[in-house]
Amino acid sequence: MKKEIILWVTASMAVMLALPWLAVTFVKGDSGMAVCFLLFFAVNPLYSVITGVFAGKDVKHLWSLPIVSAGLFLTGTWIFFDMGETAFILYAVVYLALGIAAMLISMVIRKTTQM
């Protein structure tokens with residue numbers, strides 16, 4: 001179980017911290033804005049849902065994964081874009097809601113299929 005948590009926290013660090021750093025460091029100008037839109041509206045929400053679905057397999061031990069993912073997103077954007085920008089809080093809340101909803105749906109589906 002601990003290996004899975006470490007794996008998912010490492011993956012969350014890669015997606016939520018490394019990808020914004022790569023976008024800021026290597027993509028300049030208007031292309032950087034397009035990459036940020038891709039991150040904020042496609043990659044990060046999809047990753048939040050995937051994390052939630054995985055956490056739904058064992059909610060008792062993995063309930064914190066959506067929270068960690070959203071927290072890392074907020075940390076990464078504040079470090080690499082603009083510290084204290086309140087718009088990123090809204091994004092983090094949406095990613096958290098997506099992760100928790102996916103976790104709950106996955107949990108319900110898993111319990112109904114086990115019966």
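Structure values in brief
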{"read-out": "Helix 65-80 axis, angle to the chain major axis (alpha carbon atoms, nearest 10°)", "value": "10 degrees"}
{"read-out": "MET83, MET13, reordered so the largest accessible area comes first (probe 1.4 Å)", "value": "MET83, MET13"}
{"read-out": "Sequence ranges 92-100, 56-64, ranked by mean other-Cβ count within 10 angstrom, highest first", "value": "92-100, 56-64"}
{"read-out": "Surface per residue (accessible, 1.4 Å probe) for the stretch 20-115, Å²", "value": "59 Å²"}
{"read-out": "Three semi-axes of the equivalent ellipsoid, the stretch 31-105, Cα gyration tensor, whole Å, largest first", "value": "24, 13, 9"}
{"read-out": "The stretch 1-61: C-alpha gyration tensor shape, a/c 1.5 cut-off, then a/b vs b/c", "value": "oblate"}
{"read-out": "Pairwise Lys count, the chain - Cα closer than 28 Å, eight or more residues apart or different chains", "value": "8"}
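The values are calculated or read from the model by the stated rules, or taken from the named source; none is laboratory data. Quick caveat, the model's predicted, so the values are computed rather than measured. Note: ideal-geometry Cβ built from the backbone for every residue, glycine included; neighbour counts use all protein chains shown. These accessible areas exclude ligands, DNA and RNA; they are computed on the full protein's heavy atoms, side chains included. Shrake-Rupley method; radii C 1.70, N 1.55, O 1.52, S 1.80 Å.
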